Amino acid sequence: MLKSKTFVKKTRAGGVMKIVREHYLRDDIWCGSEACRECKQESTVLQAEACIESNLCPYPHYVVPDTNVVLHQIDVLEDPVIRNVIILQTVLQEVRHRSAPVYKRLKDMIQAKEKLVYTFTNEHHRETYIEREQGESANDRNDRAIRVAVKWYSQHLKADGLKVVLLTDDQGNKEKAEESIDEYVKNLTANPELVDRLALSKDDKAEIISSKVLFPEHLPLSKIQSGIKSGTFLQGTFKASRDNYLEATVFVQGEGEESTEVLIQGLQNLNRAVHQDVVAVQLLPRNQWVLPSSVVLQDDGAAKDDDVDGDEEEKAVISAAEAAGKPTGKIVGIIKRNWRPFCGMLNVSQIKESTRHLFTPADRRIPRIRIETRQASTLVGQRIMVAIDGWPKNSRYPNGHFVRSLGSAGEKGTEEAVLLLEHDVPHQAFSQNVLSFLPKMPWGITPEDMIKRQDLRHLTVCSVDPPGCTDIDDALHCRELENGNLEVGVHIADVSHFIRPGNALDKEAANRGTTVYLCGKRIDMVPELLSSNLCSLRSNVERLAFSCIWEMNHNAEILKTQFTKSVINSKASLTYAEAQMRIDDTNKKDDITESLRGLNKLAKILKRKRIENGALTLSSLEVRFHIDSETHDPIDLQTKELMETNSMVEEFMLLANISVAQKIYDEFPDCALLRKHPAPPPSNYDILLKAAKSKNVEIHTDSAKALADSLDVAKVDGFSYFNTLLRILATRCMMQAVYFCSGMDSDFHHYGLASPIYTHFTSPIRRYADIIVHRLLAVAIGADITYPDLMDKHKQSALCNNLNYRHKMSQYAQRASVAFHTQLFFKSRGILNEEGFVLFVRKNAIIVLIPKFGLEGTVFFDSKDKAGPSLVFDEEIPGVSVAAPDVEPQAKKPKVDR
Amino acid sequence: MAGLELLSDQGYRLDGRKATELRKVQARMGVFAQADGSAYLEQGNTKALAVVYGPHEIRGARSRALHDRAIINCQYSMATFSTAERKRRPHGDRKSTEMSLHLKQTFEAAVLTQLYPRSQIDIYVKILQSDGGNYSVCVNAATLAVIDAGIPMRDYVCACTVGFVDETSLADLCYAEESGGVSSLALSLLPRGGQIALVQMDARLHQDHLDTLIEAAMTACKGVSKVLDQVVRQHLQEGSTLRE
């Protein structure tokens, strides 16, 4: 089988080394075509009747894209119309090297069965391997390798009446009489809309370019690198300003903790950087340093075209440039573009026949993008996705291409898609590859499953959750033991039994990080079969669980803790309200109710103890929408009610989390995944202190305990909501709680819960962190095996970063979803009168909270046409003295400032 | 970008082999006339020369002699030019001492030492070019050299390294694979009886995978033994035709 061997020589930068590697060439690599009679392959991928309707290639053919086509036109290749594709190993490797996201998309494409993509290992095929020639660059060699492979294919399949079409944009390759993707796609008769998805190729770009050079040239990477080394340039992340499109800051990460911000002003200095790019900045001389301008500027030059608006922009900059202030700089080069597809709306060009239009992204920090499309009239009023292809130095706007339409603007589905995309929430359906790792149905518990599990099916376990919950991940039980003590068990869905480390399902879940709950919709972290069925601890079915069982006395002191994998059979799934009713109904004496009462009693003691230790009870408004079952429009909304049973479940979850955190930390001091909540710096409390002072209430912030105590006594007569308002403010003073790896940090304290150690164990269906904690705990008790990544603190730290990011984004997405539904709700309501409270006072506006709707909005004093009342703004005691006595914002529906 | 992809989705390794395939093995026996036995062996790009002297009287301190069997003295070294980076490799550094000890243990298990009491057998192995699997190549070369010297053994000792990647065992690792973060295991086997002479592993691996890995290593060793057997037979044939 081993035919011959040749040597591939390689040199590495920095100290030239000659590396010799073997390279075996084989003659048992098959072509993957159904029609082929020569190859002795067992299974084929490509069809014999490979037909894509095309004017250019009317014969049956396979498509072979080259590397650049894959990199730039993956949007087109992903379309279901394009099938029977051959991906060469050379292409796959080059893509892997050049772009990780495209590589992932390409891999998903290869995995998808209906796409009929075959990977041909041409580099190890005896007839298609070529050696690099003298003076040939690596790129040229790869191009040639692609051509050789295509040639081999066409000869190989000649007898079977099939042809192979190489898709390329490269001049050199084109001369070999292959097809360019432009022409190919343009000639696909079935799908005219695909044309728009083509990214601009080089020749097209030339047309658009006007003669005037608008931007300074970017420096080449080598110059940037030496500049950064010598300190003349700084490297940082570019953050565009939301309010002013001519202003941005670059965050430069300094040595250790400190980081500086460099201000960038003016179109020239911004020099085509886009939000989130990694850029190189050069500081301007000190006398040109400016302060950020307070003007709100939006780039709304629909009428003006490329190069007329110079004057106005200059003015806006100069007005702010009077006082010398912050470090200011200009962008000299882009180190890494962080472009993603952007959502937004199309501004149709006023010239009717024009095919070039501007696109306005939903995110105000992204500049407008010029795209080319023939279907502008259909795209108007739709939310569309656009990807940037490039930003030449003589173009006012970046050039991009249309990716896909999301639907009409304002529609629920469309807006949901937009907010998911904008918050980077992975929400595509699970790929075939991921689904292949699901257990086969019908699923049952096998004797092998029982080996390391305790049989707890006889216990009276029940679950308490919000109404309509289908992913039940926790259940509880409580019973009296013979010795008079109480046995309390928390049973958590055993998700780690189904999701094995390292497989595609696990990787997908790790990437998603968390389930995202939007109003009326849930974006699952794991496929539905697991989340709503096999893992969900539903009543009266046998389910696998991970149990944490304590023996407690009647003062809720833990005498013994035991962790075990188990099998349970939940006797009832209750809602909070149902559970509350059972507890309150003194006539009920059944096992479930007794168990609930026992739990409730212990929970109260636990809560009291926790608060004595200084745990904070904070408040934030959460609203629930009643959604119409037919139209899915919100019909009413209410703030979430809290019942005793809510806190009952919460107490035991906290207890389980803390017990598990201790256990895994004892077992794995280096690689336990924990959660911490740092104490906020004192300056964070300013808004809270000021607000309290306005009502002559004193708040102590020296410790969590002092804060909790002073919040408890902070009451004003006749203003019962004041305490809640303070708690809402206190919540905003807090830091974000984060996941971290115990080997990488020394501060474990959880400020809000006043616990020295904490982790997440209780919701593995919807949080990936819990799955890792389950795995660690399973190893600790000998119920499961470990794997290298679990014990690697650096890998785990990287995972924590992703999880923290996903959690943050999912929270933002949830808020955005609530805000959108609030708007939908008010669309049909007209003007309502509700009670509201002033949260903050600004120079020209107040921020008002309406508790009934959980809605917060900015009310401006002066609107566009009429001047506001004369106001005196006092920074110290925030408040505005108003001349006119009748400014009461209560009756007004606030504009929601998003 | 992430490191090398050790096993592609199509099942090919970096150098185009499949998971269970060995590198190409080529060997010659009797390369030195002066020594009692010698052999040269290539396994892919790893090349080793093994030379055997003895059995002879104990050299040096007589007190080392064992009254019931021969002692085996092994010395392992690497040529200055054996790796991409050229560096002096003094004798007796920690790595080569360890390797010498492993070789000694391997051959004490295989050679019928009790036939030569109060004597000594010297085995010198030198790596000329190194591309992964140094230990196993040394063992395979030394086996041929011992056979060439006519010293009776229980069986061939064949060695092979295996690694574990993506739930798959890779046989006969090359240097790129060894340094690419694979948990590797070296095993030497007396193939006919299936006895293991030495297992060595200092990477992390879950114990559940150990059996599959050892199984894969034993299969690979049996593959090596077939090749060695052929080499010995061919060498004998050449020797006998010459004498005729």
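The values are calculated or read from the model by the stated rules, or taken from the named source; none is laboratory data. The model shown is predicted, which means the values in this text are computed figures rather than measured ones. All Cβ positions, even for glycine, are placed from backbone atoms using ideal geometry, and neighbour counts span all protein chains on display. Note: areas computed on protein heavy atoms with side chains; ligands, DNA, RNA excluded. Shrake-Rupley method; radii C 1.70, N 1.55, O 1.52, S 1.80 Å.
In table form, for the structure just shown:
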{"quantity": "Value at 222 nm in deg cm²/dmol, rounded to 500, when DSSP H runs of n ≥ 4 in chain B each add -39,500 (n - 2.57)", "calculated": "-10000 deg cm²/dmol"}
{"quantity": "Neighbour cut-off at most 16 other Cβ (10 Å), DSSP loop, chymotrypsin sites (Phe, Trp or Tyr not before Pro), the range A:682-761", "calculated": "A:Tyr721"}
{"quantity": "Gain in span if fully extended, A:Leu435 to A:Ser683, counting 0.36 nm per residue against the direct Cα distance", "calculated": "84.4 nm"}
{"quantity": "Cα pair distances exceeding 20 angstrom across the range A:467-598, given as percent", "calculated": "56 percent"}
{"quantity": "Chain-alone versus full-assembly comparison, the range B:179-216, residues with accessible loss of at least 50 Å² (1.4 Å probe)", "calculated": "B:Arg204, B:His206"}
{"quantity": "Accessible area buried between chains B and A, both sides summed, probe 1.4 Å, in Å² to nearest 100", "calculated": "2300 Å²"}
{"quantity": "Protein-only accessible surface order, largest first, of A:Thr355, A:Thr90 at 1.4 Å", "calculated": "A:Thr355, A:Thr90"}
{"quantity": "Prolate/oblate/rounded label for the range A:80-125 (Cα gyration tensor, a/c 1.5)", "calculated": "oblate"}
{"quantity": "Volume of the Cα convex hull of the range A:439-525, divided per residue and given in Å³", "calculated": "167 Å³"}
{"quantity": "Low-density loop cleavage sites - trypsin sites (Lys or Arg not before Pro) in the range B:158-238, where at most 14 other Cβ are within 10 Å (DSSP)", "calculated": "B:Arg192, B:Arg204"}
{"quantity": "Semi-axes of the equivalent ellipsoid for the range A:40-169, Cα gyration tensor, largest first, Å", "calculated": "22, 19, 14"}
{"quantity": "Pairwise FRET efficiency - A:Gln736 versus B:Ser8, Cβ, R0 = 45 Å, nearest 0.05", "calculated": "0.65"}
{"quantity": "Spacing of the two label points (7 Å from each Cα toward its C-beta) at A:Lys695 and A:Glu261, in nm", "calculated": "3.2 nm"}
{"quantity": "Part-to-part distance (alpha-carbon centres) for the range A:119-156 and the range A:401-480, which is given in Å", "calculated": "46 Å"}
{"quantity": "Extension gain, A:Ser230 back to A:Phe860 (0.36 nm per residue minus Cα-Cα distance, nm)", "calculated": "222.0 nm"}
{"quantity": "FRET efficiency, A:Asp424 to B:Lys222 (Cβ-Cβ, R0 56 Å, nearest 0.05)", "calculated": "0.60"}
{"quantity": "Over 20 Å between alpha carbons, listed pairs A:Lys676/A:Lys705; A:Lys676/A:Lys808; B:Lys87/B:Lys126; A:Lys676/A:Lys793; A:Lys223/A:Lys330; A:Lys18/A:Lys229", "calculated": "A:Lys18/A:Lys229"}
{"quantity": "Net lengthening on full extension, B:Leu112/B:Ala79 (0.36 nm per residue, minus Cα-Cα)", "calculated": "8.8 nm"}
{"quantity": "Exposure rank, largest accessible area first [A:Trp391, A:Trp550, A:Trp30; 1.4 Å]", "calculated": "A:Trp30, A:Trp391, A:Trp550"}
{"quantity": "Loop-located chymotrypsin sites (Phe, Trp or Tyr not before Pro) in the range B:54-133, at most 15 other Cβ atoms within 10 Å (DSSP)", "calculated": "B:Phe81"}
{"quantity": "Stokes-Einstein translational diffusion, the range B:120-244 - Kirkwood Rh over all Cα pairs, 1.002 mPa s, 20 °C, in µm²/s", "calculated": "138 µm²/s"}
{"quantity": "Spacing of the two label points (7 Å from each Cα toward its C-beta) at A:Arg286 and A:Asn533, in nm", "calculated": "7.1 nm"}
{"quantity": "FRET efficiency, 1/(1 + (r/R0)^6) with R0 25 Å, evaluated for A:Ala706 and A:Asn646 via beta carbons", "calculated": "0.40"}
{"quantity": "Accessible area (Å², 1.4 Å probe, nearest 10) - A:Met648", "calculated": "0 Å²"}
{"quantity": "Most positive-pole-ward Cα, A:His794, A:Val716, A:His749, against dipole of the range A:692-823 from beta carbon charges", "calculated": "A:Val716"}
{"quantity": "Spin-label pair A:Ala100/A:Asn338, simplified geometry with 7 Å Cα→Cβ offset, distance in nm", "calculated": "1.3 nm"}
